[in-house]
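Structure, as structure tokens:
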Amino acid sequence: MSNYGESLVGKIVVDISNPVDWATFDRLVIPVDSSAAESIALLASPDTSVVKAEA
């Protein structure tokens, strides 16, 4: 995400990820008090909106 830096300014990024541990499928690979969308938002420009999509 940080590779795109300023090209994401003013854009909306839709997070479709599910950060599951693919080796065991029994846990998430992000901290319990966080989310993948929050992790993405930290990498993006402060002027980028990140939203989580669920099916």
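Using C-alpha pairs below 8 Å separated by at least 6 residues, the relative contact order for the chain is 51 percent. Determine by what factor the alpha-carbon radius of gyration of the chain differs from 2.2 N^0.38 Å, reporting the quotient. It is 1.23.
Read-outs throughout are calculated quantities, based only on the coordinates presented, and are distinct from any laboratory measurement. Computed from a predicted model, the values in this text were never measured in an experiment.
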